C-alpha cells in the first residue's frame with residue numbers, strides 16, 4: 001500500500017507541459033546573446049510572447065533537446081545563473097525534466113512541487129556543438145584484403161548517443177549507403193557488415209549516423225567518420241598454350257628439341273607470380289615466375305622424358321598478409337616423342353640398289369679395258385667377247401637411263 005501512495009505522489013509531482021503546444025507552428029525556441037547561433041540564453045515562445053527558462057534541474061539532457069531542436073548538434077554544456085545575461089519578460093518554464101529524447105522542451109515534464117522562486121538570475125543557457133560529433137569507424141575483420149564472395153565487418157561508434165535513428169556505411173564515390181542499420185536511441189555502437197564482396201566494393205569507406213530532430217520526420221546527419229580502405233581480390237583462371245617445332249605432332253614435342261608454355265591472365269596484381277605445375281605418373285613438379293606482365297612464358301631448352309605429363313597454370317598473389325591462389329587452368333597434355341630415323345627403309349633400299357649397279361658397271365669397264373689393251377690381233381673369240389662386252393655396256397647404260 002505504501003508503494004502505491006509513493007507512486008501516486010510521484011505521478012502527481014510530474015506534469016507534462018502540453019498547454020499551448022498547438023500554438024507553436026512557427027519557431028518556438030531560440031538562443032540569444034551567445035557566441036554564435038548555437039549558443040546563448042534559452043528562450044521559448046508562449047502565448048505569442050518570448051520568455052526564459054529557469055535553471056532549476058537544468059542539465060545536459062535538457063540542453064540536448066534544445067540543441068537538437070535547433071539543428072545545432074548535441075549539447076557541449078548546460079549553463080546556469082544567466083551565463084549569457086539576464087532575459088526579460090516571463091519565465092515560462094521552471095524545473096524542466098527531460099529524458100533527452102523529446103522533440104522539444106515543451107514536450108518535457110515539469111516538477112510542480114519544486115522551489116518556485118526563480119528570477120532572471122536563474123536564466124538557463126546552452127552551448128551546442130554546432131554540428132553532430134564525428135563517429136569513429138573501425139575494422140572488425142582481422143584483415144583489410146578480401147577475396148570476392150567474402151564479407152567485411154565494420155564498427156561505427158559515436159561518443160554520445162541521444163536521439164539516434166540509424167547508422168549508414170558509405171563507399172567513397174557512391175551517394176547511397178551500402179549498409180543501413182537501425183538502432184535504439186541510446187545505442188552508441190553498431191556493427192555494419194558488407195557481404196558478398198565484389199571488385200566493385202574495393203575502395204574507401206566511412207560511416208554516418210543520423211539523429212531525430214524536432215519532429216519524427218526530421219533527421220540530422222552527422223559528419224562522415226574517418227576512412228578505411230579495403231582491397232577485393234578477384235583471381236581469374238589463367239589460360240595457357242605451348243609452342244614447339246613444326247615437325248612435332250599436335251600435343252607432343254620431340255625429344256631433345258626446345259619448347260615453351262605461356263600462362264596468361266586478364267587480372268593483374270603487384271607482386272604476383274605464375275606457377276606452372278606438371279603432373280606426371282611419378283609425382284608433381286612446380287616452378288614459378290614473377291608476373292611482371294599479364295603473360296609469362298616458361299622455357300624448356302631440351303625436351304626429355306621427364307617433361308611428359310599434364311601442365312596446369314595458376315596465378316598467386318600475396319596481399320595484406322594473405323595468400324590468394326587462382327583456380328588451375330585446364331590440363332595441357334604434352335607427350336615427348338623420339339625423333340624420326342634419318343634414313344627410312346625405302347631410302348636405304350634405293351641406295352643399296354644404286355650402289356650395286358655402280359659396282360657392276362665399274363667391274364665391266366675394267367674387264368673391257370683389260371681386253372682392249374692386248375697387243376695381239378684379236379682372235380675371232382676375242383672379237384665376239386668384245387662385242388658381247390660392248391653390247392652389255394650398252395644394255396646397262398640403257399637400263400640406267
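Need the failing condition index for residue 167 against (1) surrounded by 17 or more Cβ atoms within 10 Å (Cβ to Cβ); (2) touching a residue at least 60 places away in the same chain (Cβ under 8 Å); (3) outside any helix (DSSP H, G or I); (4) in contact with a strand residue (DSSP E or B) (Cβ under 9 Å, 6 or more places away or on another chain), just the number.
All conditions are met except number (2).
Being assigned to a loop (DSSP other than H, G, I, E, B) and within 17 Å of residue 52 (Cβ to Cβ) is the filter here; which residues of segment 120-141 pass it?
Of everything in segment 120-141, just one residue is assigned to a loop (DSSP other than H, G, I, E, B) and within 17 Å of residue 52 (Cβ to Cβ), namely 124.
Taking segment 274-311 on its own, how many of its residues are surrounded by fewer than 18 Cβ atoms within 10 Å (Cβ to Cβ), touching a strand residue (DSSP E or B) at 6+ places or on another chain (Cβ under 7 Å) and touching a residue at least 40 places away in the same chain (Cβ under 8 Å)?
The number of residues fulfilling the criteria is 5.
Looking at (1) out of contact with any strand residue (DSSP E or B) (no Cβ under 6 Å at 6 or more places or on another chain); (2) at pLDDT below 90; (3) closer than 16 Å to residue 59 by Cα; (4) surrounded by fewer than 19 Cβ atoms within 10 Å (Cβ to Cβ), can you tell me which one residue 109 breaks?
(1)
Which residue pairs have Cβ atoms under 7 Å apart, sit 6 or more places apart or on different chains, and have a first residue in segment 176-195 that is outside the structural domain of residue 144 (by TED's automatic domain parsing) and surrounded by 13 or more Cβ atoms within 10 Å (Cβ to Cβ) and a second that is at pLDDT 95 or above and not in a loop (DSSP other than H, G, I, E, B)?
none
So residue 93 passes all but one of these: (1) over 23 Å from residue 211 (Cα atoms); (2) modelled with pLDDT of 95 or more; (3) surrounded by 22 or more Cβ atoms within 10 Å (Cβ to Cβ). Which condition number does it fail?
Result: residue 93 passes all but (2).
Any residue in segment 20-30 that is in a loop (DSSP other than H, G, I, E, B), more than 53 Å from the chain's Cα centre (by Cα) and at pLDDT below 90?
Yes - at least one qualifying residue is present in segment 20-30.
Exactly one condition in (1) modelled with pLDDT of 95 or more; (2) more than 30 Å from residue 52 (Cα to Cα); (3) over 16 Å from the mean Cα position of the chain (by Cα) is not met by residue 171; state its number.
(3)
Scanning for something surrounded by 12 or more Cβ atoms within 10 Å (Cβ to Cβ), in a strand (DSSP E or B) and free of Cβ contacts under 8 Å to residues at least 24 places away in the same chain, does segment 229-245 turn up at least one residue?
Yes, some residue in segment 229-245 is surrounded by 12 or more Cβ atoms within 10 Å (Cβ to Cβ), in a strand (DSSP E or B) and free of Cβ contacts under 8 Å to residues at least 24 places away in the same chain.
Got a number for residues in segment 213-228 being within 30 Å of the chain's Cα centre (by Cα), in a loop (DSSP other than H, G, I, E, B), modelled with pLDDT under 95 and surrounded by fewer than 16 Cβ atoms within 10 Å (Cβ to Cβ)?
Residues meeting the conditions: 1.
Can you name the number of the only condition in (1) surrounded by fewer than 21 Cβ atoms within 10 Å (Cβ to Cβ); (2) at pLDDT 90 or above; (3) outside the structural domain of residue 226 (by TED's automatic domain parsing) that residue 123 fails?
Failing condition for residue 123: (1).
The values are calculated or read from the model by the stated rules, or taken from the named source; none is laboratory data. Not measured: the values here are computed from a predicted model. Counting neighbours? That spans all protein chains shown, and the Cβs are built from the backbone with ideal geometry, glycine included.
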